[in-house]
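Working notes, structure below.
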Amino acid sequence: MVSLNRPLKIIILAITQTYERYCVAGMTERGQWIRPLPPDHRFWASYKYDDGTFIKPGDIWEVTDYVKYNDPTSPGHTEDIRVLSYESLYKCGELNNTELCAFVKQHLESEQTLHDTLNANGRSLCLIKVDDIWKIEGANRICFTMNAKEYRNNTYKEGYPVTDLKWRSVFRSHRSISFKGFQNLYLCIGLARTEPNKNITREYPMVISIITNPFVDYPPQYP
């Protein structure tokens, strides 16, 4: 449940592409998930700020005017808010990767929370630490282990689709990338919305963010 305290400060943890637009999600300083929606659409029009810099994990947004939003077709999306005007949102700071990893470590969620998210049980977002990640050859999908248990997906194809804007670009540049040797691997799992007009009737899971220590830079051809 989204708290309606104002102003609302959000640490951005994920930015993904949805068709020709973009979805952003993050946590409050206390670790509460928030998915801010723009005033006039379900998704944001750009992955950049007005000055041309990228929206990225670790950015801090402050929102002063918003309401709780309920999506009647996607009941698992309990974290949504509707920003009421573009003027009521601005970037007020940013965390470097060390600071971001420290924030993430402080707000990690349990394996039960992962299961609740995968099953759209009252939520659509979770943040976990994983033991290992491996990419499915020839596909923009990954599997992972958490607490020595393998997660290979619960939809139709092996692996969870990666919609993280940066890592989609990384995978295009390094098709055989290995996650061995990373000190810390964190995943944000998020659910896609249903689209009954396209016969998508279930909120299905995606990897919406991969946060690593050490940091992996943005490829030259990003996004």
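Any read-out appearing in this document is the output of simple, stated calculations on the displayed coordinates, not a laboratory observation. Keep in mind the model is a prediction, meaning the values are calculated, not measured. Every residue, glycine as well, gets a Cβ built from its backbone with ideal geometry; the counts of neighbours run over all protein chains shown.
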**Q.** Only Lys, Arg (+1) and Asp, Glu (-1) charged, at Cβ; region 75-223 dipole about Cα centre in debye
**A.** 440 debye
Q) How high is the relative contact order of region 108-213, in percent, with contacts defined as C-alpha pairs under 8 Å that are six or more residues apart? A) 28 percent
(Q) If the reach is capped at under 28 angstrom between alpha carbons, list the lysines near LYS9, excluding any in the same chain fewer than eight residues apart. (A) LYS48, LYS56, LYS68, LYS91, LYS105, LYS129, LYS166
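Full extension from LEU84 to ASP132: what is 0.36 nm times the residue separation minus their Cα-Cα distance, to one decimal in nm? Mind dumping the intermediate values first?
Working: separation 48, 0.36 × 48 = 17.28 nm, distance 4.00 nm.
Contour length minus Cα-Cα distance gives 13.3 nm.
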Q | By average C-beta atoms within 10 angstrom, highest first, the peptides 184-191, 103-110 | A | 184-191, 103-110
Q. From the residues ASN70, ASN197, CYS101, which one has its Cα farthest along the dipole of the chain in the positive direction, the dipole being from +1 and -1 charges on Cβ of Lys/Arg and Asp/Glu about the Cα centre?
A. ASN197
Q: Between ARG42 and ASN140, with labels modelled 7 Å along Cα→Cβ, what's the label distance in nm to one decimal, could you check?
A: 1.8 nm
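Could you give the semi-axes, largest first, of the ellipsoid that matches the chain, computed as the square roots of 5 times the alpha carbon gyration tensor eigenvalues and rounded to whole Å? The partial results should precede the final answer.
Working: eigenvalues 126, 84, 62 Å².
Sorted largest first and rounded, they come to 25, 20, 18 Å.
Charges only on Cβ, +1 for Lys and Arg, -1 for Asp and Glu: so what's the dipole of region 8-97 about the Cα centre, in debye to the nearest 20?
On the way: 10 positive and 13 negative charges, 45 e Å.
So the magnitude is around 220 debye.
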Q: Any lysines with Cα under 24 Å of the LYS198 Cα? List them, leaving off those in the same chain fewer than 8 positions away.
A: LYS157
Q.
If I model a spin label as a point 7 Å beyond the Cα along the Cα-Cβ vector, how far apart are those points for ALA102 and HIS115 in nm?
A. 3.4 nm
Q. What ranking do 67-74, 81-88 get when scored by the average of other Cβ atoms within 10 Å per residue, highest first?
A. 81-88, 67-74
Q: Under a 10 Å cutoff between Cα atoms, tell me which one of TYR151, TYR66, TYR19 has the largest fluctuation in the Gaussian network model of the chain.
A: TYR19
(Q) 7 Å from Cα along Cα→Cβ at both SER176 and ASN147: what's the point-to-point distance in nm? (A) 3.5 nm
Q | Candidate aspartates and glutamates for bridging to LYS149, where Cα separation is under 17 Å - those fewer than 8 sequence places away on the same chain excluded | A | GLU109, GLU111, ASP116, ASP131, ASP132, GLU158
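Under the rule of -39500 (n - 2.57) per DSSP H run of 4 or more residues, summed and divided by the residues of the chain, what mean residue ellipticity at 222 nm is obtained, to the nearest 500 deg cm²/dmol? Before the final figure, lay out each step's value.
Details: 3 runs with 27 residues, N = 223.
Computed mean residue ellipticity for the chain: -3500 deg cm²/dmol.
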